[in-house]
Ligand SMILES: [Zn+2]
C-alpha cells in the first residue's frame, strides 16, 4: 500500500474524514534515526497526526508542526508536515525501550508520559503562524491531538493513529481523522451516532495490518451515513529541506574562535540534521574558507 491520503465525506457533507497510510515514511524515519520499537511507534503516530492536522490547511505552502513534551523517557517528540504531503520528525531519545503492555503491545503512552504539553503551530505561509499549547490529556497521541482540536480549535474530532512494529521494522502504519463540519456542530443526533461508532470500533492498526485500506475502514465506520470516497489521492513522503548551504550558513553563526578550534582539534566539523538524521561532513578547507570570509568582513 503506497503512502497516501484520501478523503471521505458522509451525512450530506456534515462529516469530513481523512485517511492516511504511512508505512513507508514511518519506516524511513525509523531507519534514519535508528529508532527503537516504541520510538518508531511514537514518532510514527506523531507524524501521521501532523499530516492529519495539515489536511485542513488552506494554502499549498502551508505547514503544521506538532511538539509533544511529555515526562516519559522518550523526551520531546516533534513532527512537521506540509499541505504538500511531506513530513519529517524526531524524538529526543530515539533508542529508549520500555517494557511491553500486558497485551504485548508497545506502551507509547508510557514512553511519551502522561503529563506535559502539546504544542501545535499552524503556518499558512502568509501572515503570522497560529500557535497553541494545551496540557497533555494523555500520552496517547490520538487522544492528545483530539483533545487539542476540541479545546483549542473547538472542533469535536476523532483522531485514530496506529503504527505496528515487528522485528523487521514497520509492519503497518496509518491514521484517520473524523470531524463534524461547523454547520453540524450542534447536531446532537449526529454527534451521538459518531461517538457510538467510534466506541464500537477497535483496532485501527490491526485492520491496516490485515490489509484493509483507510478508505475501507472509514466507509465501514460510516456505514448508513452515505459515505463517499473522494477521487483525489495525495501521495505522502518523508522529506527534509536541509542542505549543505543551510549547514554552512549555520556554521557562519559561530565565532571565529569556535570555528578555528573545530578546524585544529577535529580537522573539520560533522553536523547532523536533527530532523532527518543526515550527516554533513565539513572539511578543514571549507572551514578555513568560512573563517577567511569572516575575517575579511
Ligand atoms: Zn534534514
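Numbers for the structure displayed
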| read-out | value |
| --- | --- |
| Selection count where residues are assigned to a loop (DSSP other than H, G, I, E, B) and closer than 19 Å to residue 29 by Cβ, scope segment 154-169 | 2 |
| Test: residue in segment 32-47 that is over 27 Å from residue 191 (Cβ atoms) and surrounded by fewer than 18 Cβ atoms within 10 Å (Cβ to Cβ) | yes |
| Among residues of segment 212-229, those that are outside any helix (DSSP H, G or I) and touching a strand residue (DSSP E or B) at 6+ places or on another chain (Cβ under 8 Å), counted | 7 |
| Test result for residue 224, within 24 Å of residue 275 (Cβ to Cβ) and in the same structural domain as residue 18 (by TED's automatic domain parsing) | no |
| Residue in segment 226-239 that is farthest from the ligand (Cβ to nearest atom), counting only those that are more than 15 Å from residue 5 (Cβ to Cβ) and surrounded by fewer than 18 Cβ atoms within 10 Å (Cβ to Cβ) | 226 |
| Set 232, 264, 270: member being in contact (Cβ under 8 Å) with a residue 60 or more places away in the chain and either assigned to a helix (DSSP H, G or I) or touching a strand residue (DSSP E or B) at 6+ places or on another chain (Cβ under 8 Å) (or both) | 232 |
| Residues (over 25 Å from residue 235 (Cβ atoms) and part of a strand (DSSP E or B)) located in segment 170-211 | 180 |
| Index of the failed condition, residue 125 passing every other in (1) farther than 19 Å from residue 204 by Cα; (2) surrounded by fewer than 18 Cβ atoms within 10 Å (Cβ to Cβ); (3) in contact with a strand residue (DSSP E or B) (Cβ under 6 Å, 6 or more places away or on another chain) | (3) |
| Residue count, segment 64-80 (criterion: farther than 12 Å from residue 275 by Cβ and under 13 Å from the mean Cα position of the chain (by Cα)) | 6 |
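To keep it simple, each residue is scored yes or no on (1) within 30 Å of residue 91 (Cα to Cα); (2) outside the structural domain of residue 30 (by TED's automatic domain parsing); (3) surrounded by 14 or more Cβ atoms within 10 Å (Cβ to Cβ).
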| residue | (1), (2), (3) |
| --- | --- |
| 251 | yes, yes, yes |
| 254 | yes, yes, yes |
| 257 | no, yes, no |
| 266 | yes, yes, no |
| 269 | yes, yes, yes |
| 273 | yes, yes, yes |
| 283 | yes, yes, no |
| 291 | no, yes, yes |
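The values are calculated or read from the model by the stated rules, or taken from the named source; none is laboratory data. Predicted model, so just to flag it, every value in this text is computed and none were measured. Every residue, glycine as well, gets a Cβ built from its backbone with ideal geometry; the counts of neighbours run over all protein chains shown.
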